[in-house]
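> Okay, here's the structure, questions in a sec.
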Amino acid sequence: MARRLGTSITEIARLVGCSRSAVVTIHAKWINDGDTSSRRQGVSSPRVIKEKGHRRLSRLTVAQLTARYSAGPSANVSEHTVQRTLLDMGLCSSRSTRMPLLTKRHRQLRLQWAREHGNWTMDKWKRVDWSDESRFLIHHADGRVRVRRLPGEQLLPSCTAGHTQAGGGGIMLIFRFLLYGSCIFYLFLFTYYSF
């Protein structure tokens, strides 16, 4: 616009704070292509991790990935490159979801139970004695594991960390209730255990 108004290239360079040659290059590009982007195409170094390598990145730690790529026939890869590529793929670092450690047999039994009770009426469910429990450990070990996952993958086996019932002692609070007619009965149990 300034060039159209008769401003010299030297004056434009001084106003925007860049070299005279940069103004000439951008002006010529605008005249020829109608584009004022000053980004040069193809100047950056080629990607070390190709598209095919993206699939391998999704389930390993950054240190494992860096070691694998650096040990291969291709160029060395820095941890920063691996992290940037994982972020480009949409894999953000997050804590693994804690859930009970289930074996294949446990999963089969849970599925069988769900299929057997899927068509129950409200009257049958009202006769169920419901309970919940909370365990508070005295010696809690913070064994956080970080994983890279896409949104919605938090319950996939590769994104969870199983844990067992232990911890050096603690307090168990059990809450039970039974819906019978219009009355709800509550029962609290409090226990202390030690290993």
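Every number in this text was worked out from the coordinates using simple rules, so none of it is lab data. Note that the structure is a prediction, hence the values are computed from the model and not measured. With ideal geometry, Cβ positions are generated from the backbone for all residues, glycine too; neighbour counts draw on all protein chains shown.
> Please list 3J(HN,Hα) in residue order for region 80-95, calculated via the Karplus relation 6.51 cos²θ - 1.76 cosθ + 1.60 where θ = phi - 60°; whole Hz, with x for glycine and proline.
4, 4, 5, 4, 5, 5, 4, 5, 4, 7, x, 8, 8, 6, 8, 6
> Same structure, new question: Just want the ordering: ILE12, ILE31, from fewest to most Cβ atoms lying within 10 Å of their own Cβ. All intermediate terms of the calculation are to be shown ahead of the outcome.
On the way: ILE12 19, ILE31 9.
Lowest count first: ILE31, ILE12.
> Whose amide H sits under 5 Å from the amide H of VAL77, counting only residues 5 or more places off or on another chain, with H placed in the peptide plane?
The answer is SER70.
> Can you run phi through the Karplus equation (6.51, -1.76, 1.60; θ = phi - 60°) for region 120-130 and list ³J(HN,Hα) in whole Hz, with x for Gly and Pro?
Calculated HN-Hα couplings, in order: 5, 7, 4, 4, 5, 5, 5, 8, 7, 8, 8 Hz.
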